[in-house]
Amino acid sequence: IKLSTILLLASVLTGCVCFNSETGPAYLQSFEEASEGEIVPGKIGNALHISARKPGVKFLLPDGLIGQTGCVEFWAKIDGGDGRCTSTFAPQFFTLFADNNDRISMGFGTNNGHGNSGLCFRYWGLAFTASHKGCRAFPFADILKTDPAGWHHYALTWNTTGVKVDTPNKDNPPTLVCFIDGQPCLFGGNAKTFKGSFFLDQTKWRDTPITLDFSSLLRSNVGYTIDEFKLWTTDKTEFSK
């Protein structure tokens with residue numbers, strides 16, 4: 001039975017399902033039983049819809065989920081995805097906040113704060129990058145080649161010693177990889193030059209409370225729907241459709 005659509009202000013929600021991280025995701029938010037937020041039909045069962053320029057929702061994560069290897073994956077659908085991205089957070093799919101800052105995030109925007117745009121993602125203390133050089137507007141179809149307004153699977157995978165994926169330079173693996181619909185499409189970081197001491201110094205935030213935020217503190221200027229949000233403690237590179 002589908003839940004009625006409910007629109008409420010942001011608050012900490014319950015409803016996560018935690019599994020044995022050796023055999024499944026360490027965290028799953030499927031939105032099936034979420035009591036707050038705009039619950040709509042999703043990719044699988046129910047999903048969370050975030051309206052443009054409206055407060056979103058947030059979840060407090062269990063301790064110890066963010067390490068030197070890991071993966072965030074989810075399904076998302078952009079409102080008006082067959083159009084253009086013309087603003088900074090358009091949309092911001094998710095943000096992991098810790099110690100009062102954006103630590104891990106992914107979303108579309110015209111400015112990622114470092115002079116670039118497009119599909120932008122980061123892991124504070126590890127790597128960050130964006131699909132487009134320069135700050136500019138662009139059609140979502142630049143990145144979502146087929147059915148840009150439909151459902152797409154996104155994943156962000158990291159490993160401080162390098163994620164094992166095919167790249168032009170196989171001897172120098174990236175530390176951060178973005179997948180769309182199961183295919184690696186963007187790479188960040190450099191495993192050969194990466195220093196573990198730097199990582200430990202720059203990621204002390206991992207030992208503080210971490211909030212999973214769907215467009216609450218960084219309001220998206222484009223609405224979107226998100227479903228089946230999973231967090232793994234392994235550097236997952238294969239995804240079922």
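The values are calculated or read from the model by the stated rules, or taken from the named source; none is laboratory data. All values reported here derive from a predicted model rather than from experimental measurement. Every residue, glycine as well, gets a Cβ built from its backbone with ideal geometry; the counts of neighbours run over all protein chains shown. Areas reflect the complete protein model, heavy atoms only, side chains present, ligands, DNA and RNA absent. Shrake-Rupley method; radii C 1.70, N 1.55, O 1.52, S 1.80 Å.
Computed quantities for the displayed model
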read-out: The chain, helix-only ellipticity at 222 nm - DSSP H runs n ≥ 4, -39,500 (n - 2.57), divided by all residues, nearest 500; value: -500 deg cm²/dmol
read-out: Total lysine pairs under 21 Å (Cα atoms) in segment 109-207, excluding pairs fewer than 8 apart on one chain; value: 6
read-out: Solvent-accessible area per residue, Å², over the chain with all protein chains present [probe radius 1.4 Å]; value: 46
read-out: Fraction of accessible area attributable to carbon and sulfur, the chain (%, probe 1.4 Å); value: 50
read-out: Computed over the chain, Cα set: Rg, Dmax in Å; value: 16.8, 52
read-out: Sorted peptide list for 177-188, 84-95, 139-150, criterion being average Cβ within 10 angstrom, highest first; value: 84-95, 177-188, 139-150
read-out: Cα-based reach from Lys58 at 16 Å (exclusive), listing aspartates and glutamates while leaving out same-chain residues under 8 positions away; value: Glu32, Glu33, Glu36, Glu38, Asp99, Asp102, Asp213, Asp227, Glu228
read-out: Extreme residue, positive dipole direction of the chain, given options Phe89, Thr234, Leu48 (C-beta unit charges); value: Phe89
read-out: Nearest-0.05 FRET efficiency for Asp201 and Lys164, computed from C-beta distance (R0 30 Å); value: 0.70
read-out: Positive-end residue, the chain charge dipole about Cα centroid, Cβ charges, pick of Thr23, Gln183, Cys120; value: Cys120
read-out: Magnitude of the charge dipole, the chain, Cβ model with Lys/Arg +1 and Asp/Glu -1, debye to 20; value: 600
